[in-house]
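Laboratory data are not the source of any read-out in this text; all were calculated from the coordinates shown. Note that the coordinates shown come from a computational prediction; the quantities given were computed from them, not determined experimentally. No Cβ is skipped: glycine too gets one built from the backbone with ideal geometry, and neighbour counts run over all protein chains shown.
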Amino acid sequence: MAQEYEVIIGMEVHAQLLTRSKMFCSCSADYVDAPPNTHVCPVCMALPGALPVINKAAVEATIRTGLALNCRIASFSVFARKNYFYPDLPKGYQISQYELPLTTDGWVEIEDDAGHPKRVRIRRAHLEEDTGKLVHMDGYSLVDLNRAGVPLLEIVTEADLRSADEAYRYLRKLRTILRYLGVSTADMEKGAMRCEANLSVRPKGQKTLGTKVEIKNLNSFKAVRDAIAYEVQRQVRILEEGGTIEQVTLGWDASRGRTFVQRTKEEAHDYRYFPEPDLLPLEVSQEWVEALRETLPELPDAKMDRFVREYGLSRKEAWIVVEEQDVAQWYEAAVRAYGAPRQVYNWLTGEIFRYLNEANVPIDEIRVTPEGLAELLRLVDDGTINRNTAKSVLQEMLATGKDARTIVEEQGLAQVSDEAALASIVEEILAAHPDEVRRYRAGKKGLFGWFVGQVMRATRGKANPDLVRKLLQERLNE
Amino acid sequence: MDELYRLTAHEARDLLRKGEISATELTQAVLDRIHAVEDKVKAYITLTPEIALAQAAEADKAFVQARKEGRAHTLPDLLGIPLAVKDVISTAGIRTTCASRILENYIPPYDATAVQRLRAQGAVILGKTNTDEFAMGWSTENSAFGPSHNPWDLTRVPGGSSGGNAAALAADETIIAIGSDTGGSVRQPAGFCNLVALRPTYGRVSRFGLVAFASSLDQIGPMTKDVTDAALVYEAIAGHDPRDSTSVDRPVGEVRRALGQEVRGLRVGVPREYFGEGIDPRVADVVRQALRVLEDLGARLEEISLPLTRHSIPVYYIIAPAEASANLARYDGVRYGYRAEAATLWEQYKRTRGRGFGPEVKRRIILGTYALSAGYYDAYYLRAQKVRTLIRQEYETAFRRVDVIAGPVAPVVPWPIGWAMENPVQVYLTDLLTISQAIAGVPALAVPAGFSDGLPVGLQLVGRPFDEETLFRLAYAYEQATQWGKKRPVIE
């Protein structure tokens, strides 16, 4: 019987914090669209004699994140210098945290591969600064320091993850939490959230850990899942063939779908960490922590539990609405405006999600308000339009931003519930299709739906379908 | 009026306010003096006569206007006063080389906070003075631009690293100066050149714009011809700066009010170790004489012991190079300063730094890199930090018994130029008496104490953290009683 293998994964995530200014100077941290080297000053360019000053907003964002990740907030933490040379690192060291980080020992709950809840332990979440960017030209490189000094939150898990899918779900969950807190866009494609995985494989049942490799520069959720899956496969193959895993740092080549060696163990850096003498230790009072706790929003897990409780959704359904805070807000507003949480859920995750996907827009940019959906559904309830008409009215609402009532009036979509009028249309249809009437009466009951369709077509879909059914039944079954 | 360049700042201030001299005359007199003696002294790396004269003209306008309005006495003390700035302190628009080839052509876009505050008073910047490269040294012999000469004996060093300031002040090539002190770099040259210098309490003066050598030790301090001037410069530059997180938010006060106040009853501790092994007996004699003067003034001398002092040298030579090894990493040829082009990035780094830094700087970068390396950190850096705490505690304990600690500034008199290069280990030991104060972060002041064979000897007064005032009080009383500082060298 084939040997089974177990994969042990720890994740390291860097998230840029959404502060107005950089980590240690007053330059704007909103650098994305700025021309190169315009958001710079003596401090973030590392001119001789310039000194860092801690950005309080970044510290607060880190504490709030720590709280949301169930971490301990250290009353005393220390910044440290991480020394290495590279042209995107102007000081020749990165100011980070090493021995005494700001937050430690937390957890995030995810679902494991069997669908059971599982806690991924957070070892630490600390503050540091981003590097600049290199633009490689033909035979030379250019340095852009706009990004240098942007606050970065580094979140490190224990080696608690057991599959590529778990790693993927952890990252999605983490992104949701960061977005709920408003501390980061956590946009991987734009580099606002970056990810590294530490991974080792061992035969199931073996006590000691396998050799650990590090996969760097995973810049999309897909890359995380693919790279880990690939690497597990590669390592299992090596082990099966009796080989040994080398301790290396790997990169991920997404276009070829494989990992490649970036650095061997021998080339590993000695970062020579030591406490940053230009900054005093960071002291955080209990009062400050409690005041920040007050600012936390309802977090995704709590919101999911509440949606299950209050709206009768399953956990899976609730998470679909909760994963994005704006969607959850939209949903709740619609429920408040209309009631019937199940029906709102179906409309939201059906018609509206389809539109979001097709138009590729976030929910806060669509032209239908939760109140607008409520109005539309009430038009169905009071019989003004039928469900099918409602779907096309919603499309129209999404496209034009007009409200439901206006669309119904302008296009004359109000459903025909006038029994006499519908009865004469039914008569016309039956008279025009004597063959079908005969066949129906001879026992081909499946034709009933066809008759309904004919009437709906004749009324351009506006007929009250219940009434149509009743009239047809009366006439055909005579 | 003759020889305006010999004036102190407070003498010049009084004359300027009365309108008896102009800032332009004063500045011109100092520039002429520089012209006359600089060839022999070599105090400056960069001279800025145009800037100086323009600032002097501005000052004169302010004086004329204020005198007209009868408020000349309210003008800043240092308005129109010529100033020399050590070339490790950033000056907007004025080349700041750190006496290093790697920054030979670097012109900062911003002023250090200390410079900004002096400029705000209207001080007149004459230029940038020589120093050991990145302030690493004791004599200016490590300058990429060659050594400065001691005006008391041109064959000898003026001390260091702020030796250019000391040479300039002793040769009357400036009225006031600011330097930096990491392990004695304002006090030792002041002692070697018959001048006053203060190393303020760590955190008193903003380090913003001071090119970092060892961040936890660096402190900017005044260097002047007398105690009163040191107080005026200190008042101008001290005080909290939000741009330096290690600067302390505590009121500085007007230390000048302490000048002339009673010193009777002050308890002065005299550490046995400051007169022990390694101290030139001739220096010890001069300083003992100075201590007797303090006693005559009513101070109560008390022998104390600071046994950890001798450990301050190994502590210093781990912590300072460790911090320096990181602080100097930014000189990589990428953004500014010297760059040696090469085919690969690593070759460019190696060539740039290999050619850009001098031997002493390289020595300390290597020492510091080693001390921070994996496997050595605990044995060196961490241990040094622990001993540092003990040295600090030793001072705290001593200051429960005494108000001031007194001793020599340096264990030797200025040595002949070239001696240090041949005696690299001995020269490290000459820091013995100035390093422990930097390690502990306490303030210390050097004041002229007389001469040994025609060479100056300095008296060092060490105070409690943030008690610069007592140092000024005692130093002023001593200065008034002795007048050593009035002596000037003849430069030939």
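Based solely on its DSSP helices, what 222 nm [θ] is calculated for the protein assembly as shown when runs of n ≥ 4 H residues each add -39,500 (n - 2.57) and the sum is averaged over all residues, nearest 500 deg cm²/dmol?
After summing the helix terms and dividing by the residues of the protein assembly as shown, the value is -12000 deg cm²/dmol.
Among A:Pro48, A:Trp107, A:Ala29, whose Cα lies farthest out toward the positive end of the dipole of the range A:5-291, if unit charges sit on the beta carbon of Lys, Arg (+1) and Asp, Glu (-1)?
A:Trp107
Could you pull out which residues in the range A:226-244 have an amide N less than 13 Å from a spot 7 Å beyond the Cα of A:Arg258, following the Cα-Cβ vector?
A:230-231, A:234-235
Would you mind computing the Rg to Rh ratio of the range A:300-411 from its alpha-carbon coordinates, Kirkwood style for Rh?
0.97
Can you give the net charge of the other residues whose Cβ lies under 12 Å from the Cβ of A:Lys265, counting K and R as +1 and D and E as -1?
In short, -2.
Hey, what's the per residue convex hull volume over the C-alpha atoms of the range A:5-291, in cubic angstrom?
Normalising the Cα hull of the range A:5-291 by residue number yields 151 Å³.
For the charge dipole of the protein assembly as shown, defined by +1 on Lys and Arg C-beta atoms and -1 on Asp and Glu C-beta atoms about the Cα centroid, which residue among A:Val437, A:Phe79, B:Ser305 has the Cα displaced farthest towards the positive pole?
The residue sitting most towards the positive pole is A:Val437.
If you add up the charges near A:Thr459, with Lys and Arg at +1 and Asp and Glu at -1, over every other residue whose beta carbon is less than 12 angstrom from its beta carbon, what do you get?
Here the count lands on +1.
Within the range A:1-108, report the GluC sites (Glu not before Pro) that DSSP leaves as loop and that have at most 15 other Cβ atoms within 10 Å.
A:Glu4, A:Glu99
Please give me the summed charge of the neighbours of A:Ile54: other residues whose Cβ is under 14 Å from its Cβ, Lys and Arg +1, Asp and Glu -1.
For residues surrounding A:Ile54, the net value is -4.
What's the average, rounded to a whole number, of partner chain beta-carbon atoms within 10 Å of each residue's beta-carbon in A:272-284?
5
Could you tell me how far the Cα centroid of the range B:155-206 sits from the Cα centroid of the range A:83-110, in Å?
That distance is 39 Å.
Stretch A:Asp30-A:Leu280 to full length: gain in nm at 0.36 nm per residue minus the Cα-Cα span?
Between A:Asp30 and A:Leu280, full extension yields 87.3 nm more.
Give me A:Cys25, B:Cys193 ranked fewest to most by other Cβ atoms within 10 Å of their Cβ, as a rough exposure proxy.
Lowest to highest Cβ neighbour count: A:Cys25, B:Cys193.
What is the list of residues in the range B:265-302 whose amide nitrogen lies under 15 Å from a point 7 angstrom out from the Cα of B:Thr397, following Cα to Cβ?
B:271-273
Can you pull out the GluC sites (Glu not before Pro) in the range B:216-317 that DSSP calls coil and that have at most 12 other Cβ atoms within 10 Å?
Answer by residue number: B:Glu254, B:Glu262, B:Glu277.
Just how large is the dipole of the range B:451-492 about the Cα centre, in debye to the nearest 20, putting +1 at every Lys and Arg Cβ and -1 at every Asp and Glu Cβ?
100 debye
Using a Cα-Cα cut-off of under 16 Å, which lysines could be cross-linked to B:Lys42, ignoring same-chain neighbours fewer than 8 residues away?
Partners found: B:Lys86, B:Lys128.
Could you give the size of the charge dipole of the protein assembly as shown about its Cα centre, using +1 on the Cβ of each K and R and -1 on the Cβ of each D and E, expressed in debye and rounded to the nearest 20?
Value, rounded to 20: 1040 debye.
Quick one: dipole size for chain B, taken about the Cα centre, charges +1 on Lys/Arg Cβ and -1 on Asp/Glu Cβ, in debye to the nearest 20.
Value, rounded to 20: 920 debye.
Could you name the lysines in cross-link range of B:Lys68, using Cα to Cα under 20 Å and dropping any fewer than eight places away on the same chain?
Partners found: B:Lys18.
Just list whichever of A:Lys82/A:Lys204; A:Lys56/A:Lys303; A:Lys316/A:Lys445; B:Lys362/B:Lys486 have alpha carbons separated by over 31 Å in the model shown.
Pairs exceeding the cut-off: A:Lys82/A:Lys204; A:Lys316/A:Lys445; B:Lys362/B:Lys486.
Give the residue from B:Val30, B:Thr113, A:Val150 lying farthest towards the positive end of the charge dipole for the protein assembly as shown; charges sit on Cβ (+1 for Lys and Arg, -1 for Asp and Glu) and the dipole is referred to the Cα centre.
Among B:Val30, B:Thr113, A:Val150, the one farthest towards the positive end of the dipole of the protein assembly as shown is A:Val150.
Mind checking the range B:338-408 for GluC sites (Glu not before Pro) that DSSP puts in a loop (not H, G, I, E or B) and that have at most 13 other Cβ atoms within 10 Å?
Within the range B:338-408, the qualifying GluC sites (Glu not before Pro) (loop, at most 13 other Cβ atoms within 10 Å) are B:Glu341.
Where in chain B lies the longest segment free of trypsin sites (Lys or Arg not before Pro) that are both loop residues by DSSP (not H, G, I, E, B) and have at most 14 other Cβ atoms within 10 Å?
That would be B:265-486.
Over what distance in Å are the Cα centres of the range A:257-271 and the range B:9-84 separated?
61 Å
Looking only at other chains, what is the average number of their beta-carbon atoms within 10 angstrom of each beta-carbon in B:210-220?
2
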